[in-house]
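Encoded as structure tokens, the structure appears first; notes follow it.
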Amino acid sequence: MINKEFIDAVSGEFTKILTDEPMSLHTSFRIGGNADCFCEVRNIGALTDVVEACVRYELPYFIIGQGSNLLVSDDGYRGVVIKLDGEFDEIEKTDDNTIRCGAGATLAAACLFAKNNSLGGMEFAWGIPGSVGGAVYMNAGAYGGEIKDIVRSVRYLDGSTIKEISGKDLAFSYRHSFFSDKKLVILDALIELYPKNKNEIFFLMQDTMEKRKKKQPLNRPSAGSVFKRPEGYYAAALIEQCGLKGVSVGDAQVSEKHSGFIVNNGKASAAQVKELIGMVQSVVREKTGVELECEIKYIG
Ligand SMILES: Cc1cc2nc3c(=O)[nH]c(=O)nc-3n(C[C@H](O)[C@H](O)[C@H](O)COP(=O)(O)OP(=O)(O)OC[C@H]3O[C@@H](n4cnc5c(N)ncnc54)[C@H](O)[C@@H]3O)c2cc1C
């Protein structure tokens, strides 16, 4: 339980504390019950204070990026959700070809910064919702590119110690990184790009966005592709082949536009999305023998 001592310990100029905060306000699915406490931290000191206080008061905590890959329980989260803000949103050019991106910065801001500085290599990420921290954690990727291709190093918080790890040691694989399932906080990432004509970058970004708009149900809340790509198959094709396109449980529906997405048609609950996921997994398993593994993270 969140108590007054915890609130006192984390209160400060660089921390915004919200109690009983609806997680539906912080997820792209627009689903999720209340978190006991939601802390927005604006610098490393504030972050360290919150993490230390969570450990001291034995409170579970969870780092949220832009909430674009999450399904949060209807019962919410019994603990502290920590969001990086303020200084963590900063992006700067560190030398000719590298930019340092705070983990709280959006991938969109990083892509625009790279383009404005005539640096190519991250056009693939244009249109992937989320933060730089979330993208590193997930090894986000699209259209032939992945975060692993451009990350030179990452700084992170381990307890109260700031550490740095190089890109080659980040154990990146498909939607997985060194950070997966660890209690570490990504602080920032050094991204290595290369000089490129600004217009060429712009056209490639536009092209990527057009492809997304054509294929993805961007007009409905979702968390993107629900399932990982199974070896040798495409999740969406398998789901469609099994006749599950458009199937729904309450307001949760397998998208008519992209069967790999589940969309929230209004008032979908996490329970409905979970039921639909289970249904899709079991029908696909039965009819094709392929096991669909969830890409989205369930919280709570
Ligand atoms: C319409 C749509 C399209 C999408 N398209 C793609 C796509 O093309 N490719 C793709 O890969 N993904 C895609 N996604 C999924 C999602 O955008 C990515 O997984 C994204 O990288 C998640 O970032 P986030 O900041 O929203 O992370 P969140 O969803 O908030 O969190 C994801 C995980 O990262 C962890 N995390 C976040 N920040 C930190 C941090 N600073 N330190 C430690 N851990 C952290 C969280 O604890 C959680 O475990 C899409 C989603 C939507 C809604």
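The values are calculated or read from the model by the stated rules, or taken from the named source; none is laboratory data. Since we're looking at a predicted model, the values are computed, not measured. In this analysis, Cβ positions are derived from the backbone assuming ideal geometry, glycine residues included, and neighbour counts consider all displayed protein chains.
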All but one of (1) in contact with a strand residue (DSSP E or B) (Cβ under 9 Å, 6 or more places away or on another chain); (2) assigned by TED's automatic domain parsing to the domain that holds ALA125; (3) within 10 Å of the ligand (Cβ to nearest atom) hold for SER180; which doesn't? (1)
Answer yes or no: is there a residue in the stretch 115-124 that is in a strand (DSSP E or B) and away from the ligand (no atom under 11 Å from the Cβ). yes
Given the conditions (1) over 19 Å from the mean Cα position of the chain (by Cα); (2) over 24 Å from GLU40 (Cα atoms), and given that LYS163 satisfies all but one, which numbered condition is not satisfied? (2)
Within the stretch 69-105, can you find the residues that are β-branched (Val, Ile, Thr) and either closer than 25 Å to PHE227 by Cα or at pLDDT below 95 (or both)? VAL72, VAL81
Residues located in the stretch 228-251, provided they are of a type in the set (A, V, I, L, M, F, W, C), buried (at least 16 other Cβ atoms within 10 Å of the Cβ) and without any contact (Cβ under 8 Å) to a residue 24 or more places away in the chain: none
Given (1) touching a helix residue (DSSP H, G or I) at 6+ places or on another chain (Cβ under 8 Å); (2) over 14 Å from LYS196 (Cβ atoms), index of the condition GLY145 fails: (2)
Pairs under 6 Å by beta carbon, first residue part of a loop (DSSP other than H, G, I, E, B) in the stretch 265-280, partner polar (S, T, N, Q) and modelled with pLDDT of 95 or more, six or more apart or different chains? ASN265/GLN253
